[in-house]
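Take this structure, written in structure tokens, and hold onto it; I'll ask about it next.
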Amino acid sequence: MGSKSRSKGKLAEQEVVRLCREHGLQAQRTWYLAQSPDAGERVRDVRIGSRYYQVQIDGSGFARIYRELDGVEGFIFRADRLPWLIAIPFQAYLGLIAHHHGQGRER
């Protein structure tokens, strides 16, 4: 991975952590796991509370998800024979988990 991609990824991870903290949630980048011999740990970019998440930015590949979210609260989808997934705006997700954990500020 080139330095431009690493820098873009780092900035994205930092933004996610900042947004979480603005909602009163504990969050941190877990960049130190990138060198782990365990492939499952290498995709853990940030920790929010006790849960790990991967952070990705894509120029156009995710555009369809944004189109599907137009005018709705969430986009529920799945590929054949795979588990259901849901896409919701990150700010909405942060509000949900902050409320669930009693940590968030009212918005």
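With +1 on each Lys and Arg Cβ and -1 on each Asp and Glu Cβ, how big is the dipole of the chain about its Cα centre, in debye rounded to the nearest 20?
320
Give me the extension gain from residue 19 to residue 92: residue separation times 0.36 nm, minus the current Cα-Cα distance, reported in nm with one decimal. Let's see the in-between values first.
Working: separation 73, 0.36 × 73 = 26.28 nm, distance 1.14 nm.
Length gained between residue 19 and residue 92: 25.1 nm.
What does the charge add up to near residue 27, with Lys and Arg as +1, Asp and Glu as -1, over the other residues with Cβ less than 14 Å from its Cβ?
+2
Now a separate question. Using only DSSP helix segments of four residues or longer, with each worth -39500 (n - 2.57), what per-residue ellipticity at 222 nm results for the chain after dividing by its residue count and rounding to 500?
Values: 4 runs with 42 residues, N = 107.
Here the helix-only value at 222 nm equals -11500 deg cm²/dmol.
Between residue 66 and residue 79, what is 0.36 nm times their sequence separation minus the Cα-Cα distance? Round to one decimal in nm.
Result for the pair: 2.9 nm of gain on full extension.
Every number in this text was worked out from the coordinates using simple rules, so none of it is lab data. Predicted, not measured: the structure shown is a model, and the values here were computed from it. Note that we place each Cβ from the backbone using ideal geometry, even for glycine, and neighbour counts take in every protein chain shown.
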